[in-house]
1. How big is the accessible area of E215 in square angstrom, nearest 10, if you roll a 1.4 angstrom probe over the protein chains?
2. Want the number for I258 to I81: 0.36 nm per residue separation, take away the alpha-carbon distance, what's left?
3. Which order do you get for I154, I257 if you rank them by accessible area with a 1.4 Å probe, largest at the top?
4. Treating region 10-159 as a set of equal point scatterers at the Cα positions, no solvent, please give the Debye-formula log₁₀ I(q)/I(0) at q = 0.10 Å⁻¹.
5. Could you order W55, W28, W5, W131 by accessible surface area, starting with the largest, using a probe radius of 1.4 Å?
6. Quick one: net charge of S73's neighbours, Cβ under 11 Å, K/R +1, D/E -1?
7. Excluding A237 itself, what net charge comes from residues whose Cβ is under 9 Å from its Cβ, given Lys and Arg +1 and Asp and Glu -1?
8. What do you get for Rg/Rh of region 105-248 when both radii come from the Cα atoms and Rh is the Kirkwood radius?
Amino acid sequence: MSKKWYKLKNRLFRNFKYAVKNPVTWFWTFIALLLVAITFVNFKTETEAGIETPWDSIWFSLVTTIAGYYEFSPTTFPGRIASLLLLVFGMFVVSAVTGKLASYFMDIQMKRERGLINLKNLKGQFLLCGWRSNFEKLLDNIINTNPEITPDLIVLINDAPIEKIEDVIDLERFKGIHYVSGDFADENVLRRANIENAERALIISDHSKNYSQLEIDSRTVLAVITMSNLHPGMYIAAELVDSKFEKHLRMAHCDEIILTTDYEHNLLASASGAMGYSNVMRTLISDDADSGILIEDIPPQFIGKTYVEFRKTLEYPKVVIGLLLNTGNFHQRRKDALREAQKKPDMKKIVGNLQKIKDLKSNQPVLTPPDDFVIQPNAKAIFVRGKKLEE
């Protein structure tokens, strides 16, 4: 007997044992036997009323139970008593069943509204973890910047008050967004969001509760570690308050790290020079998918060719400014390469491969590379494109 079949057998036995000991089981068994007995009495006593076959009696019982009226008019005393009992108990059974069904669907709806439901049928979803003020504006920007991400593919994971979540997901433009309540660093919560089938995740600095900066970044690092273990193939971007945690995220194989505080300080410092840097940055970091800094795939025929060969094929209005190296599921490819390197018989080659792979960085930008720079696999092009000027 296989182990799987053995577990199934034990589970069925436990369920049967529980059902036998449960008083509710005996109560419903009594009701079922009573309805069968009433059906039998009607079949034997109400031939003059038109119940001539067992199927007539079964039909009479079904109509009386479900619809609440007599298909045939009982004429005998036993038949009338049995039919009256059938009507009373039938109404009770129908009420109990409909009440149970209503309770079941209400429970599902309440779980969905409170973020307690399992999203087991969702695939290719985008996980947005954490909460902050003006959350709806962040959602707007995500949808505008990523046209391929529709609201029904977005899963919010946080522990914010339910009334704040309802204020966001009840908006018409966010109709269809999913919500999972709980700590996004918890394995069970992530499994409820069906992380195994997710495509991307963005972890923002979580202000759903009164966390300190240290707690916010610590939870972000823990979440990245948990996600990387549950779904190594998922692309993970995370926001940090303090840059001292950056090395921890890199060790946890976070694909993209956003140092919000450092960005803010650098932007303020550049604005002090009265050179208009802040206006330039605001234009480059656009809130739509067609302007500003764009990252696009490089056609396969240019892989292995030089940067200048690729650049000469491009036309206005897009202007290429560089390359983004080691994109996609880079960390998983690095693990695969390490395993392949360890299989090589030449130890010097193994050491060389390991060192080369170790020095690579995920999503490494190279701005204005030399013309003879060779475009490697898994590289993408960095473009700048402006919005159309209004006449």
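The values are calculated or read from the model by the stated rules, or taken from the named source; none is laboratory data. In this text, all values refer to a predicted model and were calculated from it rather than measured experimentally. With ideal geometry, Cβ positions are generated from the backbone for all residues, glycine too; neighbour counts draw on all protein chains shown. The accessibility values were calculated without ligands, DNA or RNA, using every heavy atom of the protein model including side chains. Shrake-Rupley method; radii C 1.70, N 1.55, O 1.52, S 1.80 Å.
1. Approximately 90 Å² of E215 is accessible to the 1.4 Å probe.
2. Between I258 and I81, full extension yields 56.0 nm more.
3. I get I257, I154, largest accessible area first.
4. Normalising to I(0) and taking log10 leaves -0.63.
5. My answer, sorted largest first, is W55, W5, W28, W131.
6. -2
7. -2
8. Using Cα coordinates only, the ratio equals 0.94.
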